[in-house]
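Okay, so here's the structure we're looking at.
The values are calculated or read from the model by the stated rules, or taken from the named source; none is laboratory data. Not measured: the values here are computed from a predicted model. Don't worry about glycine lacking a Cβ; one is built from the backbone with ideal geometry, like all the others, and counts go over all protein chains shown.
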Amino acid sequence: MSTERVQEKRRFGHRARLALTPAQTRLIDDQAHAARTLWNCLHDWWTMLAKEKRSLAAADDAIRQARKEIDWFGALPAQAAQAVLKTYFQAWKNCWDGRAGEPNFKARFRTVMSVDIPQGRDLNITRVHRRWGMVNIPRIGRVRFRWTKDLPVGKRANTENRITGARLVKDALGWHIAFRVQTLEPKPELHQGPEVGIDAGVNLPLALSDGNHRDHGRPPRLPGGKADRDKWLNPDEKAKLLHLERRAAQRKQHRGRGEKTSRRLQHTYDQIKQLRARATRRAVDWQHKTTTAIARHYGTVVVEQLNIKDMVKSAQGTIEEPGKNVAQKSGLNRSISQEAWGRTVTMLTYKTARCGGALHQVPAPGTSLRCSSCGCTTPGSREDQATFVCKNSDCGWSGNADWNAARNVLHQYWMGHALIPAAGRAVVRRPRGVKPATAR
């Protein structure tokens, strides 16, 4: 009997930090601004032209003519310009299919700067030593990047295991390169690990039904009961952030209405963004490590299907019917947004599948109010946010409220109330003309 395992293709991305010189940074900035301007020119050309004259060939000719007439368009490599054209046409296709809104103008300060490298053979990646690698960027040259993951390069690269392209992306912490990797790996065997239910919360980020809770060791609330927006920063970084926010508020007072933001104020905003991005990076790192440990240990993971968009709605209300406890609800909304429960579910979805397990979702209503011991929902059992005390006279069970909810989540799965698995969930298309929740 053959013992060979079935091979399956896997496509994923890997992001690494670039170590650029000031001259290389200016060159990549020029490429990114050229790509953004090319998008805007293409968008104006598309909207002003008659429908019968719009075509991919006509747009390609217009781009070639613009690169000849405008000198600084030459900073953008030809393949990157073609990638802008393909991305723009794909954006319109997504709009026509109801998956996204119409492509719009890309503003200078509200758009993520990026440059596409569509062909992987142009990268010529080599590993220098344990921590650094070298990559070739068109029109820039050889650039160092942080080597944090083994990539299919050199003798390990072939038609099935290779890097198909990359994208240069800039955030508050600098320029990064995101590789598009394609590999052929053995299909994972069925995970024989235990089943676990997970309840996502604010006081306890991830409560597991077996008691092995996952906490990031940072208090979600300050002593006064307010939400800690900067819990991923150390005390020195928090003090620096407070100083920068006060400086920005002071400098903003001297700017008149309609005046352009000064360089000093913009520099202060950039420093604030760097600290915020550092906190986000630490939070994502914790999520990756935690979800990886859960996917490797448990064979079946059950979570709640939460409508986070409705959970973080403001309680302000209207003039006729003003809301109640608006400030408290605002702090709770910030805490929920910081935990990024949707990103945790996304990570668990593909990581459990990679390890041979499965992720299931169950309805969320009632899981935090029902007693996991007797199964009754008795009013007054959840008076305290941290402790659950069953008011049923025949039960009287008490324990951690998040642990009780996690046990109910797993019980829902055992009772056959699981919804469609997240990996195979159908895509709900919006009607044409309806824009998505987040703008492109």
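Being closer than 30 Å to Arg127 by Cβ and without any contact (Cβ under 8 Å) to a residue 24 or more places away in the chain holds for only one residue in Arg10, Arg26, and it is Arg26.
Could you tell me whether any residue of the stretch 71-85 is among the polar types (S, T, N, Q), in a helix (DSSP H, G or I) and either more than 30 Å from Lys149 (Cα to Cα) or within 26 Å of the chain's Cα centre (by Cα) (or both)? Step through it out loud before you land on a result.
Within the stretch 71-85, the first condition is being among the polar types (S, T, N, Q), and the residues that meet it are 79, 82.
Those left that are additionally in a helix (DSSP H, G or I): 79, 82.
Now narrow it down to the ones that are either more than 30 Å from Lys149 (Cα to Cα) or within 26 Å of the chain's Cα centre (by Cα) (or both): none.
So far as the stretch 71-85 goes, no, none of its residues is among the polar types (S, T, N, Q), in a helix (DSSP H, G or I) and either more than 30 Å from Lys149 (Cα to Cα) or within 26 Å of the chain's Cα centre (by Cα) (or both).
State the number of residues belonging to the stretch 94-147 that are assigned to a loop (DSSP other than H, G, I, E, B), β-branched (Val, Ile, Thr) and more than 26 Å from the chain's Cα centre (by Cα). Break it down into steps so the answer makes sense when it comes.
The first filter runs over the stretch 94-147 and keeps only residues assigned to a loop (DSSP other than H, G, I, E, B), leaving 97-113, 118-119, 123-125, 128-131, 138-140, 147.
Now drop any that are not β-branched (Val, Ile, Thr), which leaves 111-112, 125, 128, 140.
Remaining after also requiring more than 26 Å from the chain's Cα centre (by Cα): 125, 128, 140.
Qualifying residue count for the region: 3.
Yes/no matrix, rows are residues, columns are (1) part of a loop (DSSP other than H, G, I, E, B); (2) at pLDDT 90 or above; (3) assigned by TED's automatic domain parsing to the domain that holds Asn404; (4) at positive phi:
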site: Ala166; (1), (2), (3), (4): no, yes, no, no
site: His176; (1), (2), (3), (4): no, yes, no, no
site: Phe179; (1), (2), (3), (4): no, yes, no, no
site: Ala207; (1), (2), (3), (4): no, no, yes, no
site: Asp210; (1), (2), (3), (4): yes, no, yes, no
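Within the stretch 411-425, the set of residues being modelled with pLDDT of 75 or more and small (Gly, Ala, Ser) comprises Gly416, Ala418. Listed conditions (1) at positive phi; (2) crowded, with 18+ Cβ neighbours inside 10 Å are all met by Gly98, apart from (2). Close Cβ contacts (under 8 Å, 6 or more residues apart or on different chains) running from residues in the stretch 147-162 that are more than 12 Å from His14 (Cβ to Cβ) to residues that are exposed (fewer than 12 other Cβ atoms within 10 Å of the Cβ) and among the hydrophobic types (A, V, I, L, M, F, W, C) are absent.
Any idea how many residues of the stretch 116-151 are among the small types (Gly, Ala, Ser) and at negative phi?
In the first step, residues of the stretch 116-151 are kept if they are among the small types (Gly, Ala, Ser); the result is 120, 133, 141.
Next, only the ones that are at negative phi stay: 120, 133.
Summing the residues that are among the small types (Gly, Ala, Ser) and at negative phi in the stretch 116-151 gives 2.
Ala401 meets all of the listed conditions (1) surrounded by fewer than 18 Cβ atoms within 10 Å (Cβ to Cβ); (2) without any contact (Cβ under 8 Å) to a residue 40 or more places away in the chain; (3) under 31 Å from the mean Cα position of the chain (by Cα) but one, namely (1).
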